[in-house]
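None of the figures in this text is laboratory data; all of them are computed from the coordinates on show. Computed from a prediction, not measured in an experiment: that's the story for all the values here. Note that we place each Cβ from the backbone using ideal geometry, even for glycine, and neighbour counts take in every protein chain shown.
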Amino acid sequence: MKSPFIETLDHQRDTMIRSHLIDRGIRDQAVLNAMREVPREEFVSDRFFDKSYGDHPLPIAEGQTISQPYIVAYMTEALELDSTDRVLEIGTGTGYSAAVLSRIVTIVYTVERLGELAKDARQRLERLGYSNIVIHEGDGTLGWQEHAPYDAIVVTAGAPNVPKPLLEQLSIGGRLVIPVGMSYDSQELIRVRRTSELDYRTEQLCDVRFVPLIGAAGW
Ligand code: SAH
């Protein structure tokens, strides 16, 4: 028999999928499956354990945040992923969104500028058995040239504008989803599609609020 505690988490996870994701328009079955599969409670600190599946972001170490589940699902869906895709994420944080991505695509490369977060995320993902995520500690505004080009790139911190290296590291047909805005704490989520060697098409998706992307091509 399941403990009441686990039952509560199961219930909260179901509510997240149904009320916070499906009812708000998330349709991609692969995204919904991934959100159902990844144990978010393993990524939040103990003191927020019972709030793991709440409809809000949560504080993590180093003054950063793990995004609201809806935003993770929305951004993942906006990437229009295919199971053969190779994805670059900027802003590993806890590793949660990387874990979600890893359930959908072949491999996830993820870059985190803060050493402590990168180290904790690496340990956590290893312990949980995620074997198709590679973490790099460094400035993600420069992308990660070594494994480029990427079919999709997602940035989980707010940038003043779109970092050029990320555009260059996108494959033709590739999608970049990134919060962009001239204010430190409010941005617009945009999707940039590389349509040819030299051409990109930009779409505005919605208003969002992320911690700042700090680096050479960021704040
Ligand atoms: N995706 C994360 C949440 C990220 S919060 C999760 O699921 O938990 C944003 C993260 O971006 C923070 O950890 C912050 O340290 C990181 N960050 C900010 N600027 C960065 C940069 N230039 N390169 C890499 N990571 C950066």
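Along the stretch 69-78 the Karplus relation, 6.51 cos²θ - 1.76 cosθ + 1.60 evaluated at θ = phi - 60°, assigns HN-Hα couplings of x, 4, 5, 4, 5, 4, 5, 5, 5, 5 Hz to successive residues, with x for each Gly and Pro. Taking a ≥ b ≥ c as the square roots of the eigenvalues of the Cα gyration tensor, the stretch 24-88 is prolate, since a/c reaches 1.5 or more and a/b is larger than b/c.
Between Asp10 and Asn161, what FRET efficiency comes out of the Förster formula 1/(1 + (r/R0)^6) with R0 = 30 Å and r the beta carbon distance, rounded to 0.05?
Details: r = 42 Å, r/R0 = 1.41.
According to the calculation, E is roughly 0.10.
If one computes P(r) from the Cα atoms of the chain, what percent of pairs lie at distances over 25 Å? That fraction is 34 percent.
Taking 0.36 nm per residue of separation and subtracting the current Cα-Cα distance, fully stretching the chain between Trp219 and Glu203 would add 3.5 nm. Once both axes come from the Cα atoms, what is the angle between helix 4-15 and the longest principal axis of the chain, in degrees from 0 to 90, rounded to 10? Once rounded, one gets 40 degrees.
For a protection proxy built on the mean count of beta-carbon atoms within 10 angstrom, sort 101-114, 205-218 highest first, please. Can you show the working numbers first?
Numbers: 101-114: 22.5, 205-218: 17.1.
In descending order of packing, they fall as 101-114, 205-218.
Placing unit charges on the Cβ atoms of the charged side chains and taking the dipole of the chain about its Cα centre, the candidate lying farthest along the positive direction among Trp144, Ile214, Ala61 is Ala61.
Remark: the Ser19-Lys119 segment gains 32.6 nm on full extension, using 0.36 nm per residue and subtracting the alpha carbon distance.
Each part reduced to its alpha carbon centroid, the stretch 1-61 and the stretch 161-194 end up 27 Å apart.
Near Glu62, once Lys and Arg are set to +1 and Asp and Glu to -1 for all other residues with Cβ below 12 Å from its Cβ, the sum equals -1.
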